[in-house]
Amino acid sequence: MRCAAPISENELETFLQQLFAGLSTGGIYAALALALVMIYQATHQVNFAQGEMAMFSTFLAWTLIQAGLPYWLTFFVTVAISFVIAAGVEFAIIRPLHNAPELAIVVAFIGLLVIFHSLASWIFGSTIKEFPSPFPKDAWFGSKLMSPHQVGTIFVSLCLVAVLFSFFRFTTLGLSMRAAAQNPGSSRLLGIHVGRMLMLGWGLAGAIGAVAGMLVAPVVFLDPGMMSGVLLYAFAAALIGGIDNPAGAILGGFIVGVLENLIGSYIVGTELKLSVALVLIVGVLIVRPAGLLGRTIVQRV
Amino acid sequence: MSAIQQPSSITTSNAALHPGRGGVWLLVLAVAAVTATFFVKGYVLFQLTMLLSYGIALVGLSLLTGYNGQISLGHGAFYAIGAYTTGMLIEHAGVPYWLCVPAAGAVCLIVGYAFGRPALKLKGLYLALATFALGVVTPQLLKYKHLEDWTGGVGGIVLMKPEAPFGLPLSADQWMYLFALATAVVMFAIARNLIDSGSGRAMKAIRDHDMAAESMGIDNSHYKSMTFGVSAAFTGIGGALSALVVEFVSPDSFTMFLSISLLVGIVVGGVGTLWGALFGAAFIMFVPAMAESVSKDAAWGVYGVVLILFVFVMPGGVMGLIARVRAGR
């Protein structure tokens, strides 16, 4: 996940490089965490298959690029296709289960996860593939500390959160989506088509996941297993920021990315960095159970 | 994802154990299980023994998730701790194998309690993440090079299968199966009694409405962390048996996939039912192999489709279906 830091005489420079590398992977975690938060806002569920769906989208993008499409056209076509796939999954698999026990739905998510994983290695093979970055290596915004791709990743994630935030905050559709998630019964009485809102939420999450996948792929290379670690970090990021808060997801993503990188290079080495990062995150959650920016929900009995 | 509240829709789980029809079924099951020792051979006997081991582990998870409403995505960790406790006690201390099984339970009880206590603050998704972390961290710790002297590192520990005692005319495999069967009977009986006791009612009350339970004078913190401990102990005993049966423990046997399989197992069997554990164990034991025989290339795809179909057809698991059929009669 981490770009290997060149050996430098200057300790500070190495540190800064690690820090920025962390911010950049953090941007990716943030994007996927955002997808998780989206589905949570729209449905109050967490989609365990989100990472694998993103991986699948990235493979689609790769196929399109191999077919000779220019990068940015591929980018938008993939986002659109991913939107349709995710909305379709909601319609075909998740919607019929709306009365099923919660754990049964979790198992359906696990089923989706293995299906997408297996489909990808079946269709595209499990050899590792290279995926291009949209940001040229010698772009003006690159520097000694951060590669253009890293800067680009952070920029794209920030744009995403701005767009989503405005969507949920300032548009009627966004308001309806939030309402449908919070109180489906009352929303229905007010004439909101709840089912359609859920589908839209899934579609958006699928699209965001596709963006995250295409940003990760140039760094970790493209293979069916590329998202499993990323999903875990994204999940942690979403929770540490507060699962109901898109801005929290972004903050959480950057925190987790930086933490992972610094712990990995300074404290325990790559072997245990995942463990230590997770333990720290759980530790934070025990102190602040609703996440850093999450609201504590007070229930009337 | 708030607590898991639906299982109460499954009509009371102890129907299967009530005298009458349930008692007959139990007798048939017991006779079949004992006679299997002498008629089933080789790999199938091994599979049956593993099924019992998974069954005990699933009862543990069922106590926690089904009866107490606390989700765990990391119970594979306790399975691993149970297996490693057995492996290390035999390898480094020469403890007899039959003592290792309760010892594994005791170790997991303590570890589970120690984990459950701080995890009290976490609910639903947050608890899922914390337990997930446990499931991810444990195999990494078992591999960790500074613990290698104890755990055997990546290579793990190789064990010997115990011979039948008292000169009984049984092969080691048959004896192991009977030993697992006896352990399973004891553990199921303990679980049944626990569920029907005052503590069991307290556990269920907390699952159904924690605040109401608290105001009735139930000590939520105590019961929840204790359930975590007991649940871990069951799963650890399952793990200890698996170590004896497989004659080998290694970090790669206890990946995240095991934890997820265990969760799948209780849902397939029926959340909040005791006997569902056996159906769940059969599912996680046999369905992956079946999927592979359907299509080698996309075995996991087939598995995923089976999972989703299962959830569509039987959202309450096998026991839910049985309850529905009975109610329809």
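Coordinate-derived values only; no laboratory data. A quick note: this is a predicted structure, and the numbers were derived from the prediction, not measured. So basically every Cβ, Gly included, is an ideal-geometry build from the backbone, and we count neighbours across all protein chains shown.
Please give the Cα centre distance for region B:264-299 versus region A:6-68, rounded to the nearest Å. If you average the Cα positions of each part, the centres end up 33 Å apart. With the Kirkwood sum run over all distinct C-alpha pairs, region B:94-138 has a hydrodynamic radius of 12.1 Å.
Axis of helix A:228-241 versus longest Cα principal axis of chain A: the two differ by about 70°, to the nearest ten degrees. Exposed loop sites here mean GluC sites (Glu not before Pro) with a DSSP loop assignment and at most 10 other beta-carbon atoms within 10 Å; chain A contains its longest site-free run at A:131-301. The H on the amide N of B:Leu159, modeled in the peptide plane, is under 5 Å from the matching H of B:Phe248, B:Val249, each at least 5 residues off or on a different chain.
Largest first, the three principal axis extents of the alpha carbons in region B:54-133 are 42, 23, 16 Å in whole numbers. Just the number, please: Stokes-Einstein D of chain A in µm²/s, Kirkwood Rh from C-alpha pairs, 37 °C, 0.692 mPa s. The diffusion coefficient I find is 166 µm²/s.
Among the helices of chain B, those built from whole DSSP H runs whose Cα atoms reach 18 Å or more along their own axis and whose mean Kyte-Doolittle hydropathy is at least -0.5 are B:21-39, B:42-61, B:75-88, B:97-119, B:124-143, B:172-196, B:220-246, B:256-269, B:276-294, B:299-313.
How big, in percent, is the set of alpha carbon pairs in the protein assembly as shown lying more than 50 Å apart? I get 12 percent for the Cα pairs in the protein assembly as shown exceeding 50 Å. A simple rule links phi to the HN-Hα coupling: the Karplus curve 6.51 cos²θ - 1.76 cosθ + 1.60 with θ = phi - 60°, which for region A:79-89 gives 4, 5, 4, 4, 4, 5, 4, 5, 5, x, 4 Hz, with x for Gly and Pro.
Extension gain B:Asp208-B:Leu309, at 0.36 nm per residue separation less the Cα-Cα distance, in nm? Between B:Asp208 and B:Leu309, full extension yields 33.6 nm more. The alpha carbon centroids of region B:187-259 and region A:79-110 are separated by 30 Å. Taking the square roots of five times each eigenvalue of the Cα gyration tensor of region B:6-328, the equivalent ellipsoid has semi-axes of 28, 25, 21 Å, listed largest first. If you look at the Cα atoms of region A:118-276, you get an Rg and a Dmax of 18.6, 57 Å. For B:Lys41, the lysines whose Cα falls under 29 Å of its own Cα, not counting residues fewer than eight places away in the same chain, are B:Lys161, B:Lys296. When B:Cys108, B:Cys100, A:Cys159 are arranged by Cβ crowding within 10 Å, least crowded first, meaning fewest neighbours, the order is A:Cys159, B:Cys100, B:Cys108.
In chain A, the longest principal axis of the Cα atoms and the axis of helix A:270-287 are about 40 degrees apart.
For B:Lys143, a cut-off of 17 angstrom between C-alpha atoms picks up these lysines, skipping any fewer than 8 places away in its own chain: A:Lys273.
Note on A:Lys129: aspartates and glutamates with a C-alpha under 20 Å away, same-chain residues under 8 apart excluded, are A:Glu52, A:Asp223, B:Asp297.
Taking a ≥ b ≥ c as the square roots of the Cα gyration tensor eigenvalues, region B:65-219 comes out oblate, since a/c reaches at least 1.5 and a/b does not exceed b/c.
The alpha carbon centroids of region B:35-103 and region A:183-208 are separated by 44 Å.
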